[in-house]
Amino acid sequence: MTLRDLPPATHDLIGIGFGPSNLALAIALQELASAGRPLDAHFLEKQQDYHWHGNTLVSQSEMQISFLKDLVSMRNPTSPYSFVNYLHRHGRLVDFINLRTFYPSRMEYNDYLRWAAAHFAGQCSHGEEVVAIEPDGREGPGGRIDRVRVRSADAQGRERVRMARAIVLSTGGTPRIPQPFAGLQGDSRVTHHGGYLNWITRQPCASGKPMRIAVIGAGQSGAEAFIDLHDCYPSAKVDWIVRGAALKPADDSPFVNEIFAPAYTDVVFEQAQAGRDRLIEEYLNTNYSVIDADLIERIYAMLYRQKVSGQFRVNLLTRKSVQAAQAVTNGIELTITSASPGDDASTESRRYDAVVLATGYERENHRRLLAPLASYLGDFSVDRDYRVRARSELAVPVYLQGFCQSSHGLSDTLLSVLPARAEEIASSVHDALTAQRRWTAQPAQAGGTQAIAAT
Ligand SMILES: Cc1cc2nc3c(=O)[nH]c(=O)nc-3n(C[C@H](O)[C@H](O)[C@H](O)COP(=O)(O)OP(=O)(O)OC[C@H]3O[C@@H](n4cnc5c(N)ncnc54)[C@H](O)[C@@H]3O)c2cc1C
C-alpha cells in the first residue's frame, strides 16, 4: 500500500502556499502552541523548495521595507525567527550593521525566509499544487460541513487528498497579462517579469547575441528589468515602454508610511466601502506604478551617460501604449500609440525579438481554488479577522491573506503587517475550532451567515 492509498489525513488547519504570509502564520501558531493552545497545522506549497519571487531576484534588487518589519519582530522582538537573529546565526550581524541600511538585498531576504522556513520543514509539503478545496461529501452533526477536502497535485500530476477543519489561503498574486498579449501566452519570446531570471538566461543575449527587447510597465519590476538588461546584457537593445509622461517615485516618506502600521488596518476596515476605496486610492502611489527614488536616479544617470557618449542602447519611451501584439516570423510586432489624448494620435509598429511584461499581479486565484465552496462563501468578503463570511452550514473557517486589500488596506498584499495578521488569524482559527468542537452536538440553523463565528 502506498501513501496515496491511505485514508486522507485530517489536519486542524491546512495553509495553502508557504510564502511569507503562511510562514509568519506558522511562527504565530508555534507561539500559540507554546502558550498551551496547540493546533495541528500543515502547509502545501507548489514550489519544490523555498523561493521568494525567485525568478525576480536580480542582483541589484533591494527590499522596499525595513528589515525590522520581518516575519515576527513587530509582534515579538524576542522571537528566534527575527532577521537580526538570522544575521547573528550566519555571522553577519556586525557586517550588516556596517552597511548602515534598513533595506537588505532581496537575495538576502530570500535567504532569511528560506532559513526561517527550514525550521518548519516537517509541517510543509513542497511540490504540491492545491487544485481545489471542496466540501467533504460527509455531513457532520446537524447537517454542517465540518471538514473540507484539499486536493493537490504534484509535478507528475499525481493527486493527493487531505482533510482540513480550517483553511488559510495565502497563494499570492498571479501574473497580470494585458489584453494585447493574451494570445501570446506560451510564446517563449514573451515573459511576465515573474519568470524573468529563468527566461533571460535562455535568450540569445545571454550568450552575447544581439537582441531587441521591449519592457512594458512603469513600476518597480520594469525598472529592475531595465537596469538588469542594461548592466548584464550588453548585446541587448532595450526599449522601456511606459504610458505615463515620467517615471514616478514611490512615496515612502514617514507620515505616509504610517498607513502600513498594523493599527491602520482598523482605520481602513472601520470605514464604509466608499471610504475604504478612497483611502486606498489616495495612497496608491506607495506601491503601484511607482519606483524607488534611488532607482529613478540611477536610471536617469544611465540615460544621461548615453547622451554624453552618443551611443543609445537603452531607451525610455514615455506616453506610449501598446494596442496590439502579434507574433511574426522574426519577432513580436507591437502596435504602439501615443498614450495621452491631446497628442497627435500617432500609431507606429515596432518589432522586437522579445518582450518583458512588467505589468503586475492579479489577486483572484482564491476564487478559483474555493469555487467548490462558493455557494457557502458568497462574495468572498471577509471579517476583520480575515475570515471569509460564510453560511452557517459551513463550519470550516476559511481565511484569506493577500486578498483583502479592498477591506483591509494597501498593506494586505505586502509584508508590513505579517506578524500582527498572523497572530490575529492564529488566534481566530483556534477560537473557531474550539467552537466547532463544542457545536458538533448541536443542530445547525440553516440559512444564517457566520453564526459559527459568533462566540
Ligand atoms: C518581485 C516582488 C518584490 C516584492 N518586494 C516586496 C517588498 O520589498 N516589500 C513588501 O512589503 N512586499 C513586496 N512584494 C509584495 C509581495 O506580495 C510580498 O512581499 C509577499 O510575497 C506576500 O507573501 P504571500 O505569502 O502572501 O505571497 P507569495 O509570496 O506570493 O507566496 C505565495 C506562495 O503560494 C504558493 N502557491 C500559489 N498557488 C498555490 C497553490 N495552488 N498550491 C500551493 N501553493 C501555491 C506560491 O508558490 C508561493 O510560494 C513584492 C512582490 C514581488 C512580486
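Observations, loosely collected:
- Complete set of residues in region 377-412 that are of a type outside the set (Gly, Ala, Ser) and part of a helix (DSSP H, G or I): LEU377, GLN405, HIS408, LEU410, ASP412
- In region 397-426, the residues that are away from the ligand (no atom under 11 Å from the Cβ) and within 12 Å of the chain's Cα centre (by Cα): none
- Residue satisfying condition, being of a type in the set (S, T, N, Q), under 30 Å from LEU197 (Cα atoms) and more than 12 Å from the ligand (Cβ to nearest atom), within set ASN55, ASN85: ASN85
- Spans of strands (runs of 3 or more DSSP E) in region 266-376 with at least 3 residues modelled with pLDDT of 95 or more and closer than 30 Å to GLY17 by Cβ: 354-357
- The set of residues from region 11-50 being more than 9 Å from the ligand (Cβ to nearest atom), closer than 24 Å to ASP154 by Cα and of a type in the set (Val, Ile, Thr) comprises just one member, ILE14.
- Selection from region 200-223 of residues that are over 12 Å from ASP239 (Cα atoms), out of contact with any Pro (no Cβ under 9 Å at 6 or more places or on another chain) and away from the ligand (no atom under 16 Å from the Cβ): THR201, ARG202, GLN203, ALA206, SER207, LYS209
- Of residues in region 143-170 being surrounded by fewer than 17 Cβ atoms within 10 Å (Cβ to Cβ) and not basic (Lys, Arg), the one nearest to the ligand (Cβ to nearest atom): ALA153
- Residue satisfying all of: in region 109-124; among the small types (Gly, Ala, Ser) and surrounded by 16 or more Cβ atoms within 10 Å (Cβ to Cβ); farthest from the ligand (Cβ to nearest atom) among these: ALA116
- Within region 31-43, tally of residues that are assigned to a strand (DSSP E or B) and either surrounded by fewer than 17 Cβ atoms within 10 Å (Cβ to Cβ) or aliphatic (A, V, I, L, M) (or both): 1
- Failed condition for SER79, given (1) within 15 Å of the ligand (Cβ to nearest atom); (2) small (Gly, Ala, Ser); (3) modelled with pLDDT of 95 or more: (1)
Table: residues versus (1) free of Cβ contacts under 8 Å to residues at least 24 places away in the same chain; (2) over 30 Å from VAL58 (Cα atoms).
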{"site": "ARG147", "(1), (2)": "no, yes"}
{"site": "ALA155", "(1), (2)": "no, no"}
{"site": "ARG158", "(1), (2)": "no, yes"}
{"site": "THR171", "(1), (2)": "no, no"}
{"site": "LEU184", "(1), (2)": "no, no"}
{"site": "ASN198", "(1), (2)": "no, no"}
{"site": "ARG202", "(1), (2)": "yes, no"}
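- The number of residues in region 58-72 that are within 8 Å of the ligand (Cβ to nearest atom) and part of a loop (DSSP other than H, G, I, E, B) comes to 5.
- The residues in region 1-30 that are at pLDDT below 95 and in a helix (DSSP H, G or I) can be counted, and the count is 3.
- Looking across ARG319, ARG313, ARG350, ARG363, one residue alone is closer than 30 Å to CYS404 by Cα and either in contact (Cβ under 8 Å) with a residue 40 or more places away in the chain or surrounded by fewer than 17 Cβ atoms within 10 Å (Cβ to Cβ) (or both). It is ARG363.
- Tally, over region 171-186, of residues that are within 15 Å of the ligand (Cβ to nearest atom) and either in a strand (DSSP E or B) or more than 21 Å from the chain's Cα centre (by Cα) (or both): 2
The values are calculated or read from the model by the stated rules, or taken from the named source; none is laboratory data. These numbers come from a predicted model, not from an experiment. Positions of Cβ are generated from backbone atoms using ideal geometry, with glycine treated the same way; all protein chains shown enter the neighbour counts.
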